[in-house]
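Trainee: Please read through the structure below; I'll follow up with questions.
The values are calculated or read from the model by the stated rules, or taken from the named source; none is laboratory data. All values derive from a computational prediction rather than experimental measurement. Virtual Cβ from ideal backbone geometry, glycine too; neighbours counted across all protein chains shown. The protein model used for the area step is the full one, side chains on, heavy atoms only, and it has no ligands, DNA or RNA in it. Shrake-Rupley method; radii C 1.70, N 1.55, O 1.52, S 1.80 Å.
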Amino acid sequence: MKDVPAQPRRRTGGRTRLLLGGVLAAAITVSSVAVATLAHADLSGPPGTTLKAAAERSGRYFGAAMGGDRLNDNGFLTIANREFDMMTAVNEMKPDATEPNQGQFNFSAGDAIYNWAVSHGMRVRGHTLAWHAQQPRFWANLSGSALRSAMISHINGVMAHYKGKLAYWDVVNEAFAENGSRRSSNLQATGNDWIEVAFRTAKAADPGVKLCYNDYNIENWTYAKTQGVYNMISDFKARGVPIDCVGLQTHFTGGSSLPGNFQQTLSSFAALGVDVALTEADVTNAATNQYQGLTQACMNVPRCVGITTWGIRDSDSWRGSENPLLFDRNSNPKAAYTAVLNALNAASTTVPGTTTPPSTPTSTPPSSTPPTSTPPSTPTSTPPSTPPSTGEPGACTATYRTVNSWGGGYQGEVTVANNGSGTLNGWTVRLTLAAGQTLANVWNGVNTGTTGTISVRNASYNGSLGANASTTFGFLVNASTNTAPGVVSCTSP
């Protein structure tokens, strides 16, 4: 999970497989979904004093992501129970976790999170069914029709287990490249219709759950990737492919801040007849203006149904060193928390269908605000050119660190720094993966190669670094061993 366009990808939280006590697990059944039903919107009521209460005033939700390791973390659980009404499992419902061996499913880790969430009045978002990363290991030995069949069987198996229990499923995750084309992957190699097949399979497996496409770096309306996803959703809706919502991960970093046209992006997707949601929000240093802005944009679009932060405290975050969440490591709310709370309470629109109707309707339910212009098939503006260099040429250095690791791989991060007195106009980092390791995903950079020695060059937005400035890119590696990359070096033009 870029699980970002900058967005970073993801993140991977704890992967510990934990079960709640047998009594609790037995008591939580499909009927528990009713416990977590969202209250009707009521903008005339008093302001909410928690994130969930403030969001529910307009019929929306405010969610978080948790890994199984947080089930024994009282600090996390206390805040989660008080502030949130939607929960997403970080890794525990992904393909590698739920089907470790072909045809053999394991839902214990996902169920532990599900059971805790619904027992505390929350709904649950499923994440994810089909993705180019964190796949079942046996998929690596399949291709063509065999891999397509394995994907279909996986979707059917997982959705049968959770049928009637979840509010949303991220059916397909991160299937587009930055230039707006389909991402190259083993699933894409089975045929360009694989996403459509995944959604049709999911609809047949559980007709009641809302089916979503989820991606990062689709927040800027004029960005090529955003337009690529938009065109796919438009095509799906025109042809009757079952899709109910689009998830924008909303990972904002130093290289990917809140775009000025973010609300236009949300309203443009919504105008296609789908819900939109901010599914993995986190912001470098929890910038108050960006958190307030992304929340306000959602509140202004009637079909923006809710916001989820990827973790709760900075210590829970896959980007922990950037302190990107609403609560600090001591569980204290930050200034950004107050900004978000105020923006939620100031909502002037409600999600259609959540307002308790009066005895005599006084007006037509609000509809999504249409985009101000016809969506272009490609970006309408040319990305700004790299600023000219001043002073001495930049000196590029690269520093690697392992952010997280688990049984089937790890997440790495490289900091690229300019140690010169002039502007660094572009950079390329080279690193060598250990034998048996495969690069699964890169964010904030463009890679060449997936095994052995690979290179990652700057993205269009983070190639220019002033004196003493730095940027980061992240990546996921699938591997049986978590040996860190070797020979990390950086060069500039």
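Trainee: Can you list the strands (runs of 3 or more DSSP E) found entirely within region 427-493 that contain at least 2 residues being within 25 Å of the chain's Cα centre (by Cα)?
Mentor: 438-443, 445-448, 453-458, 470-478
Trainee: Among the residues of region 430-473, which ones are modelled with pLDDT of 80 or more, open to solvent by less than 30 Å² (accessible area, probe 1.4 Å) and under 16 Å from residue 134 (Cα atoms)?
Mentor: 437, 439
Trainee: Select from region 125-183 the residues that are β-branched (Val, Ile, Thr) and within 17 Å of the chain's Cα centre (by Cα) and list them in ascending order.
Mentor: Selection gives 128, 171, 172.
Trainee: Another question, if that's okay. Hey, any hits in region 287-300 for a residue that's under 21 Å from residue 176 (Cβ atoms), surrounded by fewer than 20 Cβ atoms within 10 Å (Cβ to Cβ) and polar (S, T, N, Q)?
Mentor: Checking region 287-300: not a single residue is under 21 Å from residue 176 (Cβ atoms), surrounded by fewer than 20 Cβ atoms within 10 Å (Cβ to Cβ) and polar (S, T, N, Q).
Trainee: Please list, ordered by residue number, the helices (runs of 4 or more DSSP H) wholly in region 1-111 having 3 or more residues that are modelled with pLDDT under 95, open to solvent by 10 Å² or more (accessible area, probe 1.4 Å) and among the aliphatic types (A, V, I, L, M).
Mentor: Working: elements: 22-27, 51-56, 74-83, 95-98.
Result: 22-27.
Trainee: Then there is this: Any residue at all in region 210-217 that's open to solvent by 20 Å² or more (accessible area, probe 1.4 Å), within 21 Å of the chain's Cα centre (by Cα) and at pLDDT 95 or above? Explain how you work it out, then say what you get.
Mentor: In the first step, residues of region 210-217 are kept if they are open to solvent by 20 Å² or more (accessible area, probe 1.4 Å); the result is 210.
Cutting the leftovers down to within 21 Å of the chain's Cα centre (by Cα) gives us 210.
Within this subset, residues satisfying the condition of being at pLDDT 95 or above are 210.
Scanning region 210-217, I find at least one residue that is open to solvent by 20 Å² or more (accessible area, probe 1.4 Å), within 21 Å of the chain's Cα centre (by Cα) and at pLDDT 95 or above, so the answer is yes.
Residue-by-condition table, conditions (1) modelled with pLDDT under 50; (2) outside any loop (DSSP other than H, G, I, E, B):
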position	(1), (2)
329	no, no
342	no, yes
348	no, no
375	yes, no
386	yes, no
397	no, yes
403	no, yes
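Trainee: Let me ask something else about it. From the list 309, 354, pick out the single residue that is within 21 Å of residue 246 (Cβ to Cβ), in contact with a Gly (Cβ under 8 Å, 6 or more places away or on another chain) and at pLDDT 95 or above.
Mentor: Step by step, each of 309, 354 is checked, and only 309 is within 21 Å of residue 246 (Cβ to Cβ), in contact with a Gly (Cβ under 8 Å, 6 or more places away or on another chain) and at pLDDT 95 or above.
Trainee: Just to be sure I understand the filter: pairs with C-beta atoms under 9 Å, separated by 6 or more residues or on different chains, first member in region 448-469 and on the phi > 0 side of the Ramachandran plot, second member buried (at least 21 other Cβ atoms within 10 Å of the Cβ) and assigned to a strand (DSSP E or B). Which pairs pass?
Mentor: 449/439; 468/418
Trainee: Residues of region 434-476 being within 21 Å of residue 321 (Cβ to Cβ) and in contact with a Pro (Cβ under 8 Å, 6 or more places away or on another chain), which ones?
Mentor: 443, 444, 459, 461, 474
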